[in-house]
1. Out of all the residues in the range 127-134, is one or more surrounded by 18 or more Cβ atoms within 10 Å (Cβ to Cβ), aromatic (Phe, Trp, Tyr) and assigned to a strand (DSSP E or B)?
2. Looking only at the range 135-168, count every residue that is touching a residue at least 60 places away in the same chain (Cβ under 8 Å) and either of a type outside the set (Ser, Thr, Tyr) or assigned to a loop (DSSP other than H, G, I, E, B) (or both) and tell me the total.
3. For the range 58-115, which strands (runs of 3 or more DSSP E) that fit wholly inside it have 1 or more residues that are more than 23 Å from Ile237 (Cβ to Cβ) and outside the structural domain of Ile179 (by TED's automatic domain parsing)?
4. Which condition number does Lys39 fail, the rest of (1) under 18 Å from Thr145 (Cβ atoms); (2) touching a residue at least 40 places away in the same chain (Cβ under 8 Å) being met?
5. Surrounded by 14 or more Cβ atoms within 10 Å (Cβ to Cβ) and either touching a residue at least 40 places away in the same chain (Cβ under 8 Å) or under 22 Å from Gln168 (Cα atoms) (or both) - does that describe any residue in the range 103-114?
6. From Thr8, Thr20, which residue is in a loop (DSSP other than H, G, I, E, B), modelled with pLDDT of 80 or more and of a type outside the set (Asp, Glu)?
7. Against the condition touching a strand residue (DSSP E or B) at 6+ places or on another chain (Cβ under 7 Å), free of Cβ contacts under 8 Å to residues at least 40 places away in the same chain and not assigned by TED's automatic domain parsing to the domain that holds Ala134, how does Val44 come out, does it pass?
8. Within the range 183-199, identify whether any single residue is in a helix (DSSP H, G or I) and closer than 21 Å to Gly93 by Cβ, and answer yes or no.
Amino acid sequence: MSLEKGQTAFIAINTAKFKTHVLLHSDNIIHASYSPDTKDGISVVVADAQEASLTLSNGRTKRIPALKDSEKKKLLNVDIGKWNLTLESWVPGPDETKSTSAKKMLHLGTQTTLQPWSQIPVVQNASGVGTYTANFQLRIPSKDTITVLQFGPVLNTMRAWINGTQLQAIDIFDPQIDISSFLVSGSNLIRIEVASTLFNAVKARVDYVKTNGVGPAAPPLYTAMDWQQHGLVGPVIVKSLRRVDL
């Protein structure tokens with residue numbers, strides 16, 4: 001088992017008996033599970049098209065051959081581009097001495113390159129919720145693959161939908177998720193919402209913004225720091241992983 005920095009895992013102990021278990025495996029095997037429906041009772045996920053291997057508790061070594069060139073072409077590796085971005089910017093309300101805030105919708109249109117909001121001039125000081133939408137074309141992957149959506153670095157919080165169905169919670173320390181069951185042949189719609197802190201909005205107004213008549217307790221904590229990075233920075237990739245039953 002390997003974990004990313006900050007990631008956690010639950011380990012459950014089961015008294016059920018399996019035919020065998022995995023002792024060692026090559027680096028490109030990223031997941032192994034036990035299944036009573038396979039010969040050796042094991043299913044693995046391979047991250048690439050290269051040869052993979054694993055050693056079982058019965059002393060046998062199982063080798064999974066590399067894919068042929070014709071088979072490699074069937075694997076997906078789609079970098080989703082041309083995102084449409086709408087930003088719900090949280091700003092002070094009409095009376096800046098009150099605690100009531102307002103939401104201003106900013107329609108930023110097509111973004112050919114994903115970058116933090118702090119690098120987009122018109123929203124450098126924005127805080128709030130950004131909604132990214134895009135369409136991508138796919139053929140239905142073969143049954144011996146798993147299709148995952150890889151989000152790239154997550155700067156704050158995120159949630160996503162494929163073809164109108166919300167995906168399960170995204171692990172921000174390992175931001176990829178299986179979307180195999182949500183895809184259709186042809187055009188697929190993806191929507192991603194990312195949220196930010198209020199730091200940039202307060203930093204831009206630190207000289208006059210107040211809550212119930214009181215301003216920031218320590219203005220230098222805002223003025224001395226650079227704009228925080230928020231938003232979807234990608235790359236966002238749809239990728240095939242090989243599923244092999246042993």
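The values are calculated or read from the model by the stated rules, or taken from the named source; none is laboratory data. For clarity, every value in this text was computed on a predicted model and none was experimentally measured. Ideal geometry is used to build each Cβ from the backbone, glycine not excepted, and the neighbour counts take in all protein chains shown.
1. Within the range 127-134 (the criterion being surrounded by 18 or more Cβ atoms within 10 Å (Cβ to Cβ), aromatic (Phe, Trp, Tyr) and assigned to a strand (DSSP E or B)), the answer is yes, since at least one residue qualifies.
2. The first filter runs over the range 135-168 and keeps only residues touching a residue at least 60 places away in the same chain (Cβ under 8 Å), leaving 136, 138, 141-142, 144-153, 155-156, 158.
Then drop every residue that is not either of a type outside the set (Ser, Thr, Tyr) or assigned to a loop (DSSP other than H, G, I, E, B) (or both), which leaves 136, 138, 141-142, 144, 146, 148-153, 155-156, 158.
Looking only at that region, the number is 15.
3. Working: elements: 61-64, 77-79, 83-92, 101-111.
So the answer is 61-64.
4. (1) is the only condition that Lys39 fails.
5. Quick first cut of the range 103-114, residues surrounded by 14 or more Cβ atoms within 10 Å (Cβ to Cβ) only: 106, 108, 111, 114.
Subset that is either touching a residue at least 40 places away in the same chain (Cβ under 8 Å) or under 22 Å from Gln168 (Cα atoms) (or both): 114.
Checked the range 103-114: at least one residue is surrounded by 14 or more Cβ atoms within 10 Å (Cβ to Cβ) and either touching a residue at least 40 places away in the same chain (Cβ under 8 Å) or under 22 Å from Gln168 (Cα atoms) (or both).
6. Unique residue meeting the criteria: Thr8.
7. Details: touching a strand residue (DSSP E or B) at 6+ places or on another chain (Cβ under 7 Å): yes; free of Cβ contacts under 8 Å to residues at least 40 places away in the same chain: no; not assigned by TED's automatic domain parsing to the domain that holds Ala134: yes.
The answer is no for Val44.
8. Restricting attention to the range 183-199, the residues satisfying the condition of being in a helix (DSSP H, G or I) are 199.
From what's left, closer than 21 Å to Gly93 by Cβ: 199.
Among the residues of the range 183-199, at least one is in a helix (DSSP H, G or I) and closer than 21 Å to Gly93 by Cβ, which makes the answer yes.
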